[in-house]
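Enquirer: Have a look at the structure that comes next, please.
The values are calculated or read from the model by the stated rules, or taken from the named source; none is laboratory data. All values reported here derive from a predicted model rather than from experimental measurement. Here Cβ is always computed from backbone atoms with ideal geometry, including for glycine, and neighbour counts include all displayed protein chains.
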Amino acid sequence: MKISPRTMAYMAVVASAYAIITITQGAIGFGAIQFRIAESLNLLAFFNPIFAPAVALGVFLSNLIMSPYGILDAILGTLATVIALTLIRITKKLFDSLLIASIWPTLINAIIIPLVILISGGGISALTWSSFLPIALSVFIGQFVVVNIFGYALFRILQARHKNFIKKLEEL
C-alpha cells in the first residue's frame, strides 16, 4: 500500500495530537485513575485504517515521554492500543458498528494497563486478584467515559452533522 504525502501528513497530525493532548493533560492521563481524552482518537481507525498506526505512535510517544511506568508502559500500553485498533478494524468489517467498536479500547486497556501498573510497582509478585481488580475497574471507568461516552458521541455527531468530514476521513 502506497501512502501519499498528504495521507502521511494526516497521520502525523493524529499522532502529534494524541501525544500533545496526553502530555498536556499531565498526571490525569496516567495511573489507575485516568481520563486520557486522546483515547477518543482510537475511533478514527473505525473510519480509516491509516489512523491505527498514527494513534499507536501517539500512544508510544506520550507514554515514553510522560509515563511514570517508563518503557514498560511505552511497550505494553502501545501493544494494548494496537490490539484495540485491530479489533476496531475487525468490528468495522464484520458489523460496521461504531458502538461495538468503541468497547475495544476500554476492555483491552482495562486488562493490560493494570498489569503495567502492578508490575512497575512491585514486580510479578504484585499481581494478585485483590490488587488487579480495583485498578482494572478504575481504568475501565476512565476509558468508558472518554471513549464510549465522549468519543462515541463526538463521532456520531460528526457522522450526523458533518458527513463530508467523515467522508474525507474514509477517503484518505
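Enquirer: Can V116 be described as in contact with a Gly (Cβ under 7 Å, 6 or more places away or on another chain) and either in contact (Cβ under 8 Å) with a residue 12 or more places away in the chain or not in a helix (DSSP H, G or I) (or both)?
Expert: Details: in contact with a Gly (Cβ under 7 Å, 6 or more places away or on another chain): yes; either in contact (Cβ under 8 Å) with a residue 12 or more places away in the chain or not in a helix (DSSP H, G or I) (or both): yes.
Judged against the criteria, V116 is a match.
Enquirer: Any chance the stretch 93-108 includes a residue that's more than 12 Å from the chain's Cα centre (by Cα), of a type outside the set (A, V, I, L, M, F, W, C) and in a helix (DSSP H, G or I)?
Expert: yes
Enquirer: Output the residues belonging to the stretch 69-88 that are buried (at least 19 other Cβ atoms within 10 Å of the Cβ) and under 14 Å from V55 (Cα atoms).
Expert: Selection gives A74, G77, T78, A80, T81, A84, L85, I88.
Enquirer: Answer yes if at least one residue in the stretch 20-43 is crowded, with 20+ Cβ neighbours inside 10 Å, over 19 Å from I112 (Cβ atoms) and not hydroxyl-bearing (S, T, Y), and no otherwise. Give the derivation first.
Expert: Let us first name the residues in the stretch 20-43 that are crowded, with 20+ Cβ neighbours inside 10 Å, namely 22, 29-30, 34, 36, 38-43.
Subset that is over 19 Å from I112 (Cβ atoms): none.
Scanning the stretch 20-43 turns up no residue that is crowded, with 20+ Cβ neighbours inside 10 Å, over 19 Å from I112 (Cβ atoms) and not hydroxyl-bearing (S, T, Y).
Enquirer: Checking I149 against (1) touching a residue at least 24 places away in the same chain (Cβ under 8 Å); (2) closer than 22 Å to F30 by Cβ; (3) under 19 Å from the mean Cα position of the chain (by Cα), which single condition isn't satisfied?
Expert: Here I149 clears every test but (1).
Enquirer: Among (1) of a type outside the set (F, W, Y); (2) part of a helix (DSSP H, G or I); (3) closer than 25 Å to N164 by Cα, which single condition is P49 missing?
Expert: (2)
Let's see how each residue does on (1) more than 15 Å from G142 (Cβ to Cβ); (2) assigned to a helix (DSSP H, G or I); (3) at pLDDT 95 or above:
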| residue | (1), (2), (3) |
| --- | --- |
| V14 | yes, yes, yes |
| I28 | no, yes, no |
| E39 | no, yes, yes |
| I75 | yes, yes, yes |
| V82 | yes, yes, yes |
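Enquirer: Residue check: is T91 hydroxyl-bearing (S, T, Y), in contact with a helix residue (DSSP H, G or I) (Cβ under 7 Å, 6 or more places away or on another chain), without any contact (Cβ under 8 Å) to a residue 40 or more places away in the chain and crowded, with 16+ Cβ neighbours inside 10 Å? Lay out the reasoning, then the answer.
Expert: On the way: hydroxyl-bearing (S, T, Y): yes; in contact with a helix residue (DSSP H, G or I) (Cβ under 7 Å, 6 or more places away or on another chain): yes; without any contact (Cβ under 8 Å) to a residue 40 or more places away in the chain: no; crowded, with 16+ Cβ neighbours inside 10 Å: yes.
Here the answer is no, as T91 does not meet what is asked.
Enquirer: Could I ask something else about it? Is at least one residue of the stretch 96-107 closer than 18 Å to I135 by Cβ and of a type in the set (G, A, S)? Reasoning before the result, please.
Expert: Of the residues in the stretch 96-107, the ones closer than 18 Å to I135 by Cβ are 105-107.
Cutting the leftovers down to of a type in the set (G, A, S) gives us none.
The answer is no; no qualifying residue exists.
Enquirer: All but one of (1) touching a helix residue (DSSP H, G or I) at 6+ places or on another chain (Cβ under 9 Å); (2) β-branched (V, I, T); (3) farther than 17 Å from I88 by Cα hold for V146, so report the exception by its number.
Expert: Only one criterion is unmet by V146, namely (3).
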